[in-house]
1. Can you tally the net charge around VAL40? Count Lys and Arg as +1, Asp and Glu as -1, for every other residue whose Cβ sits under 14 Å from the Cβ of VAL40.
2. In the neighborhood of ILE60, defined by Cβ-to-Cβ distances under 10 Å, what is the net charge if each Lys or Arg adds +1 and each Asp or Glu adds -1?
3. From the backbone phi of the range 138-144, what are the Karplus-calculated ³J(HN,Hα) couplings (6.51 cos²θ - 1.76 cosθ + 1.60, θ = phi - 60°) in whole Hz, Gly and Pro given as x?
4. Given the DSSP H assignment, sum -39500 (n - 2.57) over each helix run of at least 4 residues in the chain and divide by its residue total; what's the result at 222 nm in deg cm²/dmol, nearest 500?
5. What is the Rg over Rh value, at two decimals, for the range 1-134, using alpha-carbon atoms and the Kirkwood definition of Rh?
6. So what does the Cα-only Debye profile of the range 189-231 read at q = 0.20, 0.30 Å⁻¹, as log10 I(q)/I(0), no solvent term?
7. Rounded to a whole number of µm²/s, how large is the Stokes-Einstein D of the range 1-56 at 10 °C and 1.306 mPa s, given Rh as the Kirkwood radius over C-alpha pairs?
8. With a 1.4 Å probe and every protein chain left in place, tell me how much accessible area THR204 has, in Å² to the nearest 10.
Amino acid sequence: AMKQRMKRGYNGKYSDYIHRYDELGSSHYIKISKKLIEKVVCEGKKVIDVGCGTGILSLIALEEGAAKITCVDISKFMLEKCKEKSIAKGYSADLISFHEGDAERLPFADSIFDIVFFNMVLGLIPNQQATIKELTRVARPGGTIALSTHGPMHYMEASEACVKSMNFRYFLGHRMEFWPRDEKEIKIFFMYAGLDSIQTDRLTWIDEFENGSEVFDFFASTTSLWWYDRLPLELREKETEKTREYFQRKKINSITSDVVLAYGIKK
């Protein structure tokens, strides 16, 4: 059920902010994607980007010389944006393909990809261990699984502000956005998936904004406000304006990004 709420959110059901995902969030995801790719050699490799979103990491991998990249996302809207961007850059179907799919049940045979990327998606999936096993399944022996995910401090200011401004009649007892993990937990997931040569890293920084409204706009566009599924339709716009005003009034002018990166090799 949670995955379906997230899917609907990133298809734009709950908020028009999803149309500003690249406008407001691309620099954030470019920074994470470039850091994740630093330790991976893409040149000449067959790559899959699971949870590709609008293709930010996929297009970087192609620039790094990937022989072929397969883009997968649960959101049809995000996948279409990814396709539009790849066409605009002149990439052919021989280089990049697009598949709507679930990270827990990938529609591919065993052991066919040299590199499996999973960029800032794990925290949105309830069964994280099963997902990492599935990523491992589609990697060839000797292939690399490389992921980034939400660390414990990720978006902490915005998350706290949202919780304080929420109507608890609808949200009490439900996590608002994601399940964060630390480096130790990710290492354990990788070990149980049978991966070897496991490495982790951490990328943490704080972005400053002109005002709280800008912080909320960034937060809303990158998350899609998918937890609004719990709000009646007629309250969603009102709740958005109330929360945006709270960010402004409380001077929530900064946001922390805390990203755990992990790498493993399939035996």
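The values are calculated or read from the model by the stated rules, or taken from the named source; none is laboratory data. All of these numbers come straight from a predicted model, not from anything done at the bench. Reconstructed Cβ throughout: ideal geometry from the backbone, glycine too, with neighbour counts over all protein chains shown. Just the protein is used for accessible areas: all its heavy atoms, side chains included, with ligands, DNA and RNA removed. Shrake-Rupley method; radii C 1.70, N 1.55, O 1.52, S 1.80 Å.
1. Working: positive: LYS34, LYS35, LYS39, LYS45, LYS46, LYS266; negative: GLU38, GLU43, ASP49, GLU63, GLU64, ASP114, ASP201.
For residues surrounding VAL40, the net value is -1.
2. Numbers: positive: LYS34; negative: ASP49, GLU63, GLU64.
Taking every Cβ under 10 Å from that of ILE60, the sum is -2.
3. These are the phi-based 3J(HN,Hα) values: 7, 7, 6, x, x, x, 10 Hz.
4. Values: 10 runs with 108 residues, N = 267.
After summing the helix terms and dividing by residue count, I get -12000 deg cm²/dmol.
5. Values: Rg = 14.1 Å, Rh = 15.1 Å.
Taking Rg over the Kirkwood Rh, I get 0.94.
6. The computed values of log10 I(q)/I(0) come out as -0.77, -1.06.
7. Numbers: Rh = 13.3 Å.
In µm²/s, the coefficient rounds to 119.
8. 80 Å²
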